[in-house]
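So the structure is just underneath, and the comments pick up after that.
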Amino acid sequence: MKLVGLTNRYGGRVAVQISWGKQLYFEAPEPPVDKILFLEFPGLTLPSDGGTAGRLGFYKVQDEMTRAIIAFLTERKQDDTSQEEAPTTAEGRRKKRRQINEIPADFWRLATLDDLLEVTNGTELRYVLTQHFSLEELRSFVQRRAPEATERLSEALTAPVGAERLAALEGVERFVDTVMVIGSIIPNTISQELDKARRMLDRERIRAAKLPAVSGPEDLALTRRIALLSELKHDDEVRNFLIKTAKAIKRVGLLAAEVTAFVHQVQKNKRVQEAAIWIPEFWQALEGRIELPATEKGITLDITNAREVEVEMDWAVFNAHRIGPIVSGRKALLVHSGDNKIVYYIRGERKLLFQVRSAPGGHLEKYDCTLTIAQAEGQQRLRRLILDVERIDALAHLDPDAALASVPSAQDLPAHHPIRRTVDTARADCRQARVLADLLIELHSGVDADIIRSLSRRR
Amino acid sequence: MSADDARRNLVSLRELKRRYKLNLALGSALPPYDQSISLPLSTGNPLFDAALTDKLTVTTTMSEAEHLHRGWNLVKGATPDEMQVLAGASQGLLNDYKLLLALKAWQDGDTALTRTFLRSLPWHWRLAFPIAVIKPSAHIFTGWKRSLRFRLVDAPRFDALKELYREVLAQAPSITLLKYRRVVQEATALLHYRFTGERERAIHDWCYDAGNVAALEKSVEPIGVYVRARQALRTGGASALLDVLNTEEQVIPITSYMGMLGSAKISLTEKGQQGLEGLRDYAIRSATAVESLLRLVEWSPWLTEKRVARLAEKVRGGILETGLDIPFFKVLKGFNAAPTKVRKMVLQPLLLPLLRHFGQQNAALLPPPGPITFLQPANLIHVMSFLLYATLTSAAPTRLLLLKKKGIEEVDPIPLEEVGEHLADSEQELQRYLLSEFGNLTQSWDYTYDFAAIQETLVGLDPAAPLVLDLPYASDLDTLEALLPFERVFNLGSAYGAPGELCIAYEYYTEFFIGTRKWNHSVWSRYSDSAALKFAEVMDRLQIFQQLAGHVESRDGATV
């Protein structure tokens, strides 16, 4: 049986997984890790030899193949060491449990592309071939083998249609498949080569810049770093360089004002900003070191639609309009305002919404700005009502009379009205309190209580 | 009654489950998704159940206010007998309910019972009692709800409350007054409390002024140490702060210390800070054993062998020798979250002694007959459930049965010391251990098991002894049948549904999913990440459930 397999490391040992479910190890000397091996088990054939995935089912073939190999290796080991087959003592059982299956050194070697034509599972590793064979190796293989494949296919097609054609095609199927699969990965390999070259050039540029080792703020050379950033071509290298710089900034504890100025500089380079549009490690390293002062003064902002968020640094927060100083990692209110959906961060938590809601006229002076909650009928009515709903919901349980009093349209209800009667029963029964809350919420908002309650929870 | 008789009279798990189902049908038990500690058990008494599993927090369908309303109505209707039973078990109740029960006792004018419930509360809650009486929203809720106006206790009885608070303040260690300054301030303001005597006047100064008078009053130390340290920090920076702290015998609590450093923008992790090593040493000195365990992650960048040795000394003196009950899951969570370097450092001196301690605590919650049998697959070693096994092995007789594709293998006990050694391993090191101990088993990803062997094995076990199952993807009717006679089955996988079985914890993670209206294909991984953590919590709850359920049975004969 001839196979190919990719090596990995487990528990300090080199292993190869030749099928789903089982891993095999190696006798010394072990092969290198992360390499494709050609494995040959002399004299071993599949129990249902000749069986293909089509006939036996993919997993069954794999399972049978693995069983056969393990049995083969176990038998060979027993020949060598005459181990106890069914141990009766605890020590014997422990020893048996600890056994692993090892492939002898003369059963494997590093695989070549030509080996793939010989083995049972030649196309199984198609997705990793680009990482293990160079563009030149692939080109040379296709140059040698592609004409042979087309020639063999042409020859098979000369057979008369019917049983002969079938047999001829079956005979060339695996060979043609393997050659064509290897040919088909060449475009992808070219992209990878290009990618590699760009990375290499960027790394050379970074090396050539000879930036000093950072042991204090004076070694950071931020101006040189920004200049270097604009020369880099590979997105990953741009990101890595930015993250390394951010970590160095963190290490030496650069002042917040200087860090903020650096991020502004970085932002000026559009190419860098594009490459680093998603770069959480950069922001994490600078956490707490970026100043986010208030940017707005004297404006009036409707915060009816605001929601509480935990401020997580990114470009959007860095560039947002801010009412009051914002601190990353802490809570703030976020609102998108106007037709252009301008992002505003407002210092404060959700209770600020309730403060504004209950302030006279529905507006409150805060951080040199005026915060408002929509008051006019029809103006974001439901969003405004969500605040009322929460209040009614809590009061129905804690103080049913106050809940009733907080709904203007409930004040004129007659004494025998079910809502008024529910107020009495709600005091002693939390299920009735829930009913009262539902009735008052629906009366006040005109919307199903469960729906608006769940909307409110989501905010 | 002898200890054996008491054990025999314990209400069984299946009976607790039966009572829960009946109470759920009657609408007097919360569904699992609205319990803060989700356990399908009932003592038979809805008040007792709520005091063991219900917290005043948002759950799937209920708000805090709803939980409070329900809880307060249950507590308000408590009979004197029920109050006495709960007072006897007050240490095991949840804090929210201890407080509600103290409020009920206060409403009834029973000061002695109020004191009993207050004594079982942490100091923060005890000091906040007047707030809970006068303005409960400020203590119970957060955010905008803190400003809601309502009262639970109809008449606060201000004069009596002031007298009670005088007693509480007199008993309160000064260190708690230092920590909970704002609570004392709010409580005394609501009470219009008149501070008398030198100590109380010092407390007043601490709460309402700069604390300079308090700094001169020895009876409220370490408040004085804190005030002097704060002053030194303002005028002379970190080195002056250290001069003050290191010359004082009394130590300020870690929360106050870190708060002071935070307001001065001093970080213990940032290099270049003046007197950094001294500041770090003081953090170690000021933290209690429990606090230091919970701060392992935060302190990981600067913990050294020497500092870990000092922490270990604290744990020995503060936990192991005193037998202090500390939350196992919090310690393990802290340990697991710490970087490998710190885990390696604290493993031998700190964690393993604690694990032995937890093993003894947990084993005590699983009375005879034994042994405790663990049944799990041979090829899926979940470190957390394996740790649970090893922890209990250190304190009680156990058996470990490994389920294979063919048959079941009983493994000789693997001691905690051996498993424990690998808790701080890197992935490679842990793999190496698993490979050396279990060979190819750990690498066999074949999920077919010998269910016939499970049934045969279960039939041979004592159904009264505890059985811990960690079987993945296994829902087999014959296994369920074999489990029917068992009294204490703790399942770390999805439930079989046996009457004596309790599902502890399991986690499924989707690795891959693709689906259309007509078909779908998915790959799942199953782990028992929270096994050891939840097991400890459930065991603790179960014991109190059984204790309180005994009272319901003995009083009512019929339970529900």
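Straightening the chain between A:E173 and A:R9 buys 55.6 nm, computed as 0.36 nm per residue apart minus the Cα-Cα spacing. For A:T370, the residues 5 or more places off, or on other chains, whose built amide H falls under 5 Å of its own are A:I299, A:T300, A:L301.
Here segment B:288-430 is treated with +1 on each Lys and Arg Cβ and -1 on each Asp and Glu Cβ, and its dipole about the Cα centre works out to around 280 debye.
Taking every C-alpha pair closer than 8 Å and separated by at least 6 residues, the mean separation divided by the residue count of segment A:265-387 gives a relative contact order of 25 percent. Taking 0.36 nm per residue of sequence separation and removing the Cα-Cα distance, the B:K344/B:L365 pair yields an extension gain of 4.6 nm. Under 5 Å between amide hydrogens, built in the peptide plane, is the criterion, and for A:A15 it picks out A:N8, A:R9, A:Y10 among residues at least 5 positions away or on other chains. Between A:P147, A:V356, A:L166, the Cα set farthest toward the positive side of the dipole of the protein assembly as shown (charges on each charged residue's Cβ, about the Cα centre) is that of A:V356. Annotation: extensible slack from B:D450 through B:K271 equals 58.6 nm (criterion: 0.36 nm per residue apart, minus Cα-Cα distance).
Between A:I226 and A:D114, the C-beta separation translates, for a Förster distance of 56 Å, into a calculated FRET efficiency of about 0.65. State the answer as a single residue: which of B:V251, B:G211, B:L47 lies farthest towards the positive end of the charge dipole of chain B, with beta carbon charges of +1 for Lys and Arg and -1 for Asp and Glu, about the Cα centre. Sorting the options by dipole projection puts first B:G211.
Distance between the modelled labels on B:D462 and A:K297, one decimal in nanometres: 8.1 nm (7 Å Cα→Cβ projection). 3J(HN,Hα) along segment A:217-227, derived from phi through the Karplus expression 6.51 cos²θ - 1.76 cosθ + 1.60 where θ = phi - 60°, amounts to x, 5, 8, 5, 6, 4, 5, 5, 5, 5, 5 Hz, with x in place of Gly and Pro.
Is the shape of chain B best called rounded, prolate or oblate, per the rule: a/c under 1.5 gives rounded, else a/b larger than b/c gives prolate, else oblate, with a ≥ b ≥ c the square roots of the Cα gyration tensor eigenvalues? Since a/c reaches 1.5 but b/c is at least a/b, the shape of chain B is classed as oblate. Indicate, rounded to the nearest 5 percent, the antiparallel portion of the DSSP beta bridges found entirely in chain B. So the antiparallel bridges amount to about 45 percent of the total. Whole angstrom only: what separates the Cα centroid of segment A:312-376 from the Cα centroid of segment A:419-448? So the separation of the two Cα centres works out to 32 Å. Listed values for segment A:177-187 are Karplus-derived 3J(HN,Hα) couplings in whole Hz (6.51 cos²θ - 1.76 cosθ + 1.60, θ = phi - 60°), namely 4, 4, 4, 5, 4, 5, x, 6, 8, 4, x, and x replaces Gly and Pro. Around the amide H of B:R488, modelled in the peptide plane, lie the amide H atoms of B:L467, all under 5 Å away and 5 or more residues distant in sequence or on another chain.
Excluding same-chain residues fewer than 8 positions from B:K306, which lysines have a Cα within less than 22 Å of its Cα? Cα-Cα hits under 22 Å: B:K271, B:K314, B:K341, B:K344. Modelled spin labels at B:K406 and A:T123, positioned 7 Å past Cα toward Cβ, are 3.6 nm from each other. Calculated FRET efficiency, A:Q265 to A:H132, Cβ-Cβ distance, R0 = 30 Å: about 0.10 to the nearest 0.05. Using the Cβ-Cβ distance between A:Q411 and A:T370 with R0 = 30 Å, the FRET efficiency computed as 1/(1 + (r/R0)^6) comes to roughly 0.45. Rounded to the nearest 20 debye, the dipole size of the protein assembly as shown about its Cα centre is 3140 debye, using +1 on the Cβ of Lys and Arg and -1 on the Cβ of Asp and Glu.
Helix content alone sets the calculated 222 nm mean residue ellipticity of the protein assembly as shown: runs of n ≥ 4 DSSP H residues at -39500 (n - 2.57) each, divided across all residues, give -16000 deg cm²/dmol.
The ranking of A:M1, A:M65 by Cβ neighbour count inside 10 Å, starting from the fewest, reads A:M1, A:M65.
Ordered by the count of other Cβ atoms within 10 Å of each Cβ, fewest first, A:C369, A:C430 give A:C369, A:C430. Taking the C-alpha atoms only, the angle from helix A:256-268 to the longest principal axis of chain A is near 60 degrees. Taking a ≥ b ≥ c as the square roots of the eigenvalues of the Cα gyration tensor, segment B:115-172 is oblate, since a/c reaches 1.5 or more and a/b is not larger than b/c. Legend: mean number of C-beta atoms from other chains within 10 angstrom of residue C-beta atoms, peptide A:348-361, equals 2. Footprinting exposure proxy ranking of A:H417, B:H69, A:H234, fewest other C-beta atoms within 10 angstrom first, gives A:H417, A:H234, B:H69. Straight-line reach from B:K406: taking Cα to Cα under 12 Å and skipping same-chain neighbours fewer than 8 places apart, the aspartates and glutamates in range are B:D446, B:D450. Put a dot 7 Å past the Cα of B:D478, heading toward its Cβ, do the same for A:Q284, and the two dots end up 4.9 nm apart.
Taking 18 Å as the straight-line reach from the Cα of B:K98, the lysines in range (excluding those fewer than 8 positions away in the same chain) are B:K55, B:K76, B:K135. For chain B, there are no membrane-span-like helices by this rule, meaning no whole DSSP H stretch whose C-alpha atoms cover at least 30 Å of axis and whose Kyte-Doolittle mean is 0.5 or above; this says nothing about an actual membrane.
With a ≥ b ≥ c taken as the square roots of the eigenvalues of the C-alpha gyration tensor of segment B:110-269, please select rounded if a/c is under 1.5 and otherwise prolate if a/b is larger than b/c or oblate if it is not? Judged from the Cα gyration tensor, segment B:110-269 comes out prolate (a/c at least 1.5, a/b above b/c). Using Cα centres only, tell me the gap between segment B:451-471 and segment A:63-78 in whole Å. For segment B:451-471 versus segment A:63-78, the Cα centre distance is 32 Å.
Read-outs: derived from the displayed coordinates by stated rules, not from any lab. Quick caveat, the model's predicted, so the values are computed rather than measured. Virtual Cβ from ideal backbone geometry, glycine too; neighbours counted across all protein chains shown.
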